[in-house]
Amino acid sequence: MNIRKHWLAWLIGVVVAAVVLVVGVPFAYVNFVEGNQPAALTLESTPSSTGAATSVDGAWKVASGSQAGYRVHETLAGQSVTAVGRGTGVTGNLVIAGTNVSSATFTVDMTKIRSDQDQRDQRFLGIVDTAQFPTATFTITKPIALGSIPAAGQTVSTTATGNLTVHGVTKRVSVPIKANVSGNTIQVQGNITVTFADYGVQAPNIANFVKVDPSGQIEFLLKLTK
């Protein structure tokens, strides 16, 4: 009888230890190693003004402070995780004529996008095959109607339609954007929802331990100067 009790206690201990490892380790990793992810990119506030907007006609180029990246949902051994990666390797330009953006094209250096985890970054570089496809681009295919040029402190919301190229695949997308003007700087912020399979990208599913949702967000905040 004592041997049976001893064996039963040992078995219960093994089961409890296994549960702690399976549940506790991912929980600890998510909550203590991963930490809080960056908030979504938003327009930076600008001084309010009741004055008329100054002319913004002409060519504008991407300036320092611009960034772009991804935001996706992962499941790590049953624990919910939001993964965020960003980079400042953004170039491009746009041309404004009156209240329309007549042309615009932007390029993101995918090799410079980083998250808070080296392992995730290595997976990302391999999944999107940055060795073969180091950049992603977006080019508008029709003018963007601004409606009006915002005065300082005001925000214009509109939609940009164009071609998004990721992983060597080009798709037509419509992107909700917001923009404001402050002095000699224009800010443009937006999010593009992408389904990875549409671009030939396989969302990771590593032995059911790490599983990434089939779609995610491309986030960007552009700062442009003349």
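The values are calculated or read from the model by the stated rules, or taken from the named source; none is laboratory data. All values derive from a computational prediction rather than experimental measurement. Counting neighbours? That spans all protein chains shown, and the Cβs are built from the backbone with ideal geometry, glycine included. For accessibility, only protein heavy atoms count, side chains too; no ligands or nucleic acids. Shrake-Rupley method; radii C 1.70, N 1.55, O 1.52, S 1.80 Å.
Below, the figures for the structure above:
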quantity: In the stretch 52-80, the residues that are closer than 16 Å to Ser215 by Cβ, surrounded by 18 or more Cβ atoms within 10 Å (Cβ to Cβ) and not hydroxyl-bearing (Ser, Thr, Tyr); calculated: Gly69, Arg71, Val72, Glu74
quantity: Qualifying positions in the stretch 73-94 - at pLDDT below 95 and either assigned to a strand (DSSP E or B) or closer than 24 Å to Gln187 by Cβ (or both); calculated: His73, Glu74, Thr75, Leu76, Gln79, Ser80, Val81, Thr82, Ala83
quantity: Qualifying positions in the stretch 106-119 - in a strand (DSSP E or B) and open to solvent by 50 Å² or more (accessible area, probe 1.4 Å); calculated: Arg114
quantity: Condition broken by Gln122, with the remaining ones in (1) open to solvent by 30 Å² or more (accessible area, probe 1.4 Å); (2) in contact (Cβ under 8 Å) with a residue 12 or more places away in the chain; (3) not aromatic (Phe, Trp, Tyr) satisfied; calculated: (2)
quantity: Which listed residue, of Val201, Val212, is under 24 Å from Ser66 (Cβ atoms) and out of contact with any Cys (no Cβ under 6 Å at 6 or more places or on another chain); calculated: Val201
quantity: Selection count where residues are open to solvent by 70 Å² or more (accessible area, probe 1.4 Å) and either touching a Ser or Thr at 6+ places or on another chain (Cβ under 7 Å) or modelled with pLDDT of 85 or more (or both), scope the stretch 35-46; calculated: 3
